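So the structure is just underneath, and the comments pick up after that.
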Amino acid sequence: MAEFRIGDRPIGPNEPTYVIAEAGSNHNGDLEIAKELIDVAADAGADAVKFQTFRAEDMYVPESGEVEYLDDERSIYEIIESMEMPYEWIPELYDYCHERGVDFLSTPFDERSAAELEEYVPVWKVASYTSSHVPFLEHLAETDKPIIMSTGAHELDEVAESVSVLRDAGVSDLVVLQCVAAYPTPLSEINVRVVETLQEEFDVPSGLSDHTLDPVTAPSAAVSLGAAVVEKHFTLDKTMEGPDHQFALEPDELDRMVSAIRDTEAALGTGEKHVLEVEEELYEKARRAVHAVHDIEAGDEFTTENVKVLRPGEKDAGLDPKFYDEILGETAARDVQKGGGIQWDDVR
């Protein structure tokens, strides 16, 4: 599995998780809110802030009807139209992200939106519902940018088809995200183990696009399974008007998520087993060794009565416990004081 870079950040199984704070359309058409969202993400320690760039006429058919989960009397077309991000914002949001030290990302849903974004994004994010849009995947592939692709509402064989399309089009830098297209997603349905399945099936870095309400559980679980990327929606306030606020994290929750991801990475460690610096004192004082429990004079026999396997504390440690049976029945070559560690020089 080859590593690659998104901007200055290496992406891969041995690198820190790339955390995307998904602002989506939670700017509510207000540029200042969009900038506040960037501030929140930067303060939380996210690696990137991601918006969404689309035009309703390029996404839904006219008279497309309603969507029940949004609980909105307007048609889905009207809702999407109201959420469009002005193209003229893109350079300003890019510059503001740069000032705040986070990557600017935005998901394009159509070719003209991709054209507006191409100069400004270091990676393409493909939304779940676009991941089987083969002509669009091929269009993005022509730009030679890395691609992060979500997989909600798709079977594994459909994901395989999309991965094949991208590879055939020359895309080698690819991350595939487990995603469940339910807003919010119950924790019992998020199925984080698919992160491992995607790694094994496609030999690519994988990750999680999470729509659960919990800021910690699914992201931390994904990181523990090797997620290279974690993405989650956030907002300034869940009570704001708009379809994506209620299932998004508020600023304090985003802080918790990023902290939990970094803490999980720290706890996972390197996988190499050795004695650590923090263990040194107890390595010396608490590992058991062969010690005299009575004064032993030269010529005395070592027995179970005068020699035991004990923790040395401040004493110099004796032989490793694996030598205990070899010492029993042997004769002391010199005096050994009570509590002293038995060494081979003490054995005749």
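The values are calculated or read from the model by the stated rules, or taken from the named source; none is laboratory data. Source: prediction; values computed, not measured. Cβ sites come from the backbone with ideal geometry, for glycine too, and all protein chains shown count toward neighbours. The accessibility values were calculated without ligands, DNA or RNA, using every heavy atom of the protein model including side chains. Shrake-Rupley method; radii C 1.70, N 1.55, O 1.52, S 1.80 Å.
Between the amide H of Glu330 and those of Phe302, distances stay under 5 Å, these residues lying 5 or more places away or on another chain, with hydrogens modeled in the peptide plane. Of interest is the spacing of the C-alpha centroids, which for region 121-188 and region 256-293 amounts to 40 Å. Exactly which chymotrypsin sites (Phe, Trp or Tyr not before Pro) in region 1-110 are in a DSSP loop and have at most 16 other Cβ atoms within 10 Å? Those satisfying the criteria are Tyr87. When nucleic acids and ligands are ignored and a 1.4 Å probe is applied, His133 ends up with an accessible area of around 70 Å².
Considering only Ser128, Phe4, Thr212, the residue lying farthest towards the positive end of the dipole of the chain is Phe4, judged by Cα position with unit charges set on Cβ.
Placing +1 on the Cβ of every Lys and Arg and -1 on the Cβ of every Asp and Glu, with no other charges, gives region 224-348 a dipole of roughly 260 debye about its Cα centre. Convex hull volume of the C-alpha atoms in the chain, normalised per residue: 182 Å³.
3J(HN,Hα) along region 254-263, derived from phi through the Karplus expression 6.51 cos²θ - 1.76 cosθ + 1.60 where θ = phi - 60°, amounts to 5, 4, 4, 4, 4, 4, 5, 5, 5, 5 Hz, with x in place of Gly and Pro. Extent along the principal axes, Cα only, for region 90-181: 41, 27, 22 Å, with the longest axis given first. Normalised by the number of residues in region 208-288, the mean separation of alpha-carbon contacts (under 8 Å, six or more apart) gives a relative contact order of 28 percent. Enclosing the Cα atoms of region 148-206 in their convex hull gives a volume equal to 73 cubic angstrom per residue. Taking 0.36 nm per residue of sequence separation and removing the Cα-Cα distance, the Arg5/Arg100 pair yields an extension gain of 32.2 nm.
Across region 175-307, Cα-Cα pairs farther apart than 24 Å form 51% of the total.
Entry note, the chain: relative contact order of 14 percent, from Cα contacts under 8 Å with a spacing of 6+ residues.
Dipole of the chain computed with +1 at Lys/Arg Cβ and -1 at Asp/Glu Cβ about the Cα centre; of Ala289, Met240, Ser188, farthest Cα towards the positive end is Ala289.
Note on the chain: Lys pairs 8 or more places apart or on different chains, Cα atoms under 24 Å apart, count 21. Residues of region 74-113 with an amide N closer than 20 Å to a point placed 7 Å from the Cα of Glu142 along the Cα-to-Cβ direction: 107-113.
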